[in-house]
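The values are calculated or read from the model by the stated rules, or taken from the named source; none is laboratory data. No experiment lies behind these values; they were computed from the predicted model shown. Cβ coordinates were reconstructed from backbone atoms using ideal geometry, including for glycine residues, and neighbour counts include every protein chain displayed.
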Amino acid sequence: MKKKSKLRIKSMPRFISFSLMSLAILIIIGIASVTLVTHVASAINNQKEKYQASALLVDASTDETTSDQDIQTKADAEVTSDANTDEAQQTGTDDPLESIKIRLRNNDTEGLKVVFLTFDDGPSDHTGEVLDILNTYNVKATFFTIRHEGAEAEASYRRIVNEGHTLANHTSSHDYDLYSNPEAFYADVNALDQYQRQITGLTETSHIFRFPGGSINANETCVLGLVKQGWNYADWNVSSGDGGSDPPASDVVAQTIICGCHEHDVSVVLCHAESKPDTRAALSTVIETLQAEGYTFLAMENDFTYPRQLEV
């Protein structure tokens, strides 16, 4: 009977054992290296984030030095820019002043802040003072003159035109009786028109008219007849209160005009500054206050729409 031999497992060669050990070590080193690199990268990122956060804090600190007024100014500029853009889109022009004029021509006046300063019954010895005040503030106005002769009056007519104001017509004689005779009334108006052209060298006057006492004192025949002859007329919706023989003091005149303008989108201000010293003294306050409040001062043009006491 044969004797069974035992199953023997031979020992693996030594070089294989060494290789496995080396591989294990390399793996351990590799893992350690990856861990180290990851840790370093994480540390770098943390430092970078801290730096960025610090930079933001510096920027914020810098921004805090900007005054509230600067912030408000920027905000107002943005609002104004948006408003001008809207206005330009509505009227088809990028010029805000021209946009206002287009709206006046179309009788689209809601929300406008426009003031027409008008001076009746001149020129006088003090017209130059009024013009000087207007020039100081770069404001254009409208002068409803009657007929005055002499070198000083003639110089005033010319200066009104040369400085960009509107020279308008208030009849030659300022005679209320003319309303009872329409033909005599038209002749009186046209006589002043010819006189103004002769003195100023204008080939065409503004053809802007104000009835003495306002259109409410005229009759419908005179009003309609004048319009048919190509005239545009303007009454007023704000009075300075200086028309009487005992006009108010300058501070009262100023507040009367300012408060009156606050009530209208388009204000036509009646005053007699060329003959009333307190009205002249009030002009600077009126202009400075309303300009600061965003009002635009304009001289009249023939194709604008104006407040009237009698519609035709």
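Observations, loosely collected:
- Taking residues in region 280-291 that are touching a residue at least 24 places away in the same chain (Cβ under 8 Å), and partners anywhere that are of a type in the set (Gly, Ala, Ser), the pairs with Cβ atoms closer than 6 Å and at least 6 places apart or on different chains are Arg280/Ala273; Ala281/Ser250; Ala282/Ser250; Ala282/Ala254; Thr285/Ala254; Val286/Ala254.
- Ser99 being assigned to a helix (DSSP H, G or I) and either at pLDDT 95 or above or on the phi < 0 side of the Ramachandran plot (or both): yes
- Test: Ile146 is among the β-branched types (Val, Ile, Thr) and within 30 Å of the chain's Cα centre (by Cα): no
- With respect to the conditions (1) in contact with a Gly (Cβ under 6 Å, 6 or more places away or on another chain); (2) closer than 18 Å to His170 by Cα, Ala299 lacks only one, and its number is (1).
- Condition met for Asp95 (of a type in the set (Asp, Glu) and farther than 29 Å from Asp188 by Cβ): yes
- Those residues of region 269-312 which are surrounded by 19 or more Cβ atoms within 10 Å (Cβ to Cβ), touching a Leu at 6+ places or on another chain (Cβ under 9 Å), modelled with pLDDT of 95 or more and closer than 27 Å to Asn107 by Cα, in sequence order: Val269, Cys271, Val286, Ile287, Phe297, Leu298, Ala299, Phe304
- Residue match in region 231-248 (condition: modelled with pLDDT of 95 or more, surrounded by fewer than 14 Cβ atoms within 10 Å (Cβ to Cβ) and either out of contact with any helix residue (DSSP H, G or I) (no Cβ under 8 Å at 6 or more places or on another chain) or at negative phi (or both)): no
- Of the residues making up region 252-274, those that are among the aliphatic types (A, V, I, L, M) and out of contact with any Gly (no Cβ under 9 Å at 6 or more places or on another chain) number 4.
- The one condition from (1) of a type in the set (Phe, Trp, Tyr); (2) farther than 20 Å from Gly122 by Cα; (3) touching a residue at least 60 places away in the same chain (Cβ under 8 Å) that Trp236 does not meet is (2).
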